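A short reminder: the numbers here are calculations on the coordinates, not readings from a lab. Since this is a predicted model, take the numbers as computed values, not measurements. Counting neighbours? That spans all protein chains shown, and the Cβs are built from the backbone with ideal geometry, glycine included.
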Amino acid sequence: MRTLDDLDVKGRRVLVRADLNVPLDGETITDDGRIRASLPTIQALAGSGAKVIVCAHLGRPKGQVKPEFSLRPVARRLGELLGQDVVFAPDVAGDGARAAVEGLQEGQVALLENLRFEPGETAKDDAERRAFAERLAGLADLYVGDGFGAVHRKHASVYDVPALLPHAAGGLVTAEVEVLRKLTDDTERPYVVVLGGAKVSDKLGVIANLLTSVDRLLIGGGMAYTFLKAQGHEVGGSLLQEDQLDQVRGFLSEAAERGVDLVLPVDVLAATHFAADAGYDVVPATEIPADRQGLDIGPRTRELFASKLADARTVFWNGPMGVFEFDEFARGTAAVAEALIASDAFTVVGGGDSAAAVRRLGLPEDGFSHISTGGGASLEYLEGKTLPGLAALED
Ligand code: ADP
Ligand code: MG
């Protein structure tokens with residue numbers, strides 16, 4: 001993969017595909033982690049005298065112009081963090097974008113409006129996507145792929161534009177790929193993976209692949225209940241994906257055959273209902289009352305998981321252990337995060353909500369070897385899939 005060092009950018013218009021998909025509350029950015037992660041590449045390009053044109057998506061406006069998905073607040077925050085004005089183009093690749101680009105001096109930065117306002121960005125139809133990619137590519141001389149959180153998408157700005165312009169990978173993408181390689185090639189053992197989050201179905205592919213490579217797989221969060229049910233236990237009103245039970249039974253037997261230590265919760269916080277102030281009891285994971293739902297792993301599981309992490313040399317963690325958005329049910333997630341921080345293993349956190357949980361809990365981000373900006377992308381990489389946005393940068 002070519003890197004920024006391989007491009008001569010001075011005086012050239014460089015289109016940077018970044019991942020600026022931040023959570024918003026109205027116009028307030030509640031977590032600017034992804035904007036910060038995109039700064040080094042933008043700064044390097046501007047510092048080398050490029051005319052920097054940043055493009056990115058926000059949410060899922062589904063090909064329509066929807067003001068609540070405008071990147072305007074992101075342009076403002078990006079400008080504050082860069083310490084220089086960011087010109088905001090009021091459209092993606094129309095007159096507004098062209099005017100913004102024409103006005104750029106060397107070292108200046110523009111941000112285009114939300115890519116997903118254009119139906120061509122996410123179109124399944126190759127010709128439709130390519131037509132939009134050509135309009136976008138027409139704004140620039142060079143392309144830099146740096147939106148790691150979107151590299152698993154076959155979208156115009158990720159996959160088609162690099163075929164139309166001389167291109168390179170940005171610093172964020174090269175850093176992320178380097179980390180993920182350590183999880184797939186010559187991984188130091190014990191290699192322990194902790195998975196949580198809401199849905200098993202999101203993570204079936206990665207579980208199947210991880211069972212061939214990990215020493216231990218710890219499962220918490222909402223997805224643990226489908227595993228407990230597959231073992232024959234009642235889970236009350238806990239999150240459950242009935243349609244995944246057969247698949248999960250297959251995972252349980254495959255883990256046993258391969259000698260993978262698959263570790264499930266031994267106790268849970270069984271809440272009366274789904275609310276921040278819900279009452280709860282600590283119950284064994286095998287005895288969840290019918291009228292209760294598990295919203296976090298329990299204290300014995302916190303210790304169990306920490307002990308399974310203590311001697312790890314490599315750890316990948318994706319997905320919170322409970323409903324961490326409610327303080328009462330954030331302790332399981334905090335315990336896993338703390339175990340990783342205490343460990344001197346190579347520790348990687350993947351997943352938007354997991355990274356947000358680390359920040360929300362006020363834990364030091366530098367306590368981990370790496371926090372990935374791309375949950376879906378890092379999972380698909382670990383699944384062994386070819387990621388369109390990385391393949392497009394290869395040649
Ligand atoms: P990530 O973004 O890190 O990959 P996911 O999106 O898979 O994580 O899952 C995050 C969500 O899972 C959080 O909103 C959290 O509240 C939810 N969750 C975790 N444990 C439970 C549970 N026991 N019951 C319901 N939801 C849960
Ligand atoms: Mg998520």
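Quick look at the numbers
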item	result
Fewest-first sequence of Ser343, Ser369, Ser354, Ser157 by Cβ atoms within 10 Å of each Cβ	Ser369, Ser343, Ser354, Ser157
Under 15 Å, Cβ to Cβ, from Asp243 - net charge with Lys/Arg +1 and Asp/Glu -1	+1
HN-Hα J in Hz across segment 174-183 - Karplus 6.51, -1.76, 1.60, θ = phi - 60°, x for Gly and Pro	5, 5, 4, 5, 4, 5, 5, 4, 5, 8
Inter-site label distance for Glu27 and Lys62 at 7 Å from Cα along Cβ, in nm	2.6 nm
Label-point gap, in nm, between Glu134 and Leu81 - each point 7 angstrom along Cα→Cβ	3.5 nm
Percent RCO, i.e. relative contact order, over the chain, from Cα pairs under 8 Å lying at least 6 residues apart	16 percent
Amide H partners (placed H, <5 Å) of Thr3, local residues excluded	Ala169
Mean separation of Cα contacts under 8 Å (6+ apart) over length of segment 222-311, as relative contact order %	32 percent
Of the trypsin sites (Lys or Arg not before Pro) in segment 94-147, those whose Cβ has at most 13 other Cβ within 10 Å and which sit in DSSP loop	Lys124
Residue exposure sequence - Phe324, Phe88 - by fewest surrounding Cβ within 10 Å	Phe88, Phe324
Long-range amide H partners of Asp141 with built H, under 5 Å	Arg13, Val14, Leu15
Tilt relative to the chain, helix 245-258 - C-alpha long axis, 0 to 90 degrees, to 10	80 degrees
C-alpha long axis of helix 299-309 to longest principal axis of the chain, angle in °	60 degrees
Segment 1-156: relative contact order in percent, alpha carbon pairs under 8 Å with at least 6 residues between	31 percent
Amide H within-cut-off set for Gln241, under 5 Å, with H built and near neighbours excluded	Thr226
Label-reachable residues, segment 223-238, where backbone N falls under 16 Å from a point 7 Å from Asp246's Cα toward its Cβ	230
Non-local Lys pairs in the chain, i.e. 8 or more apart or on different chains, that have alpha carbons under 28 Å apart	29
Exposure proxy ranking, count of Cβ atoms within 10 Å, fewest first, for Val109, Val323, Val336	Val109, Val323, Val336
At 0.692 mPa s and 37 °C, Stokes diffusion of segment 155-290 via Kirkwood alpha-carbon radius, µm² per second	188 µm²/s
Whole-Hz couplings from phi, Karplus 6.51/-1.76/1.60, listed for segment 227-243; x for Gly and Pro	5, 4, 5, 4, 7, x, 9, 7, 10, x, x, 5, 4, 8, 10, 3, 5
Estimated vicinal HN-Hα couplings, Hz - segment 200-217 in sequence order (Karplus 6.51, -1.76, 1.60; Gly, Pro = x)	5, 4, 5, 10, 4, x, 6, 4, 4, 6, 5, 4, 8, 10, 8, 8, 9, 10
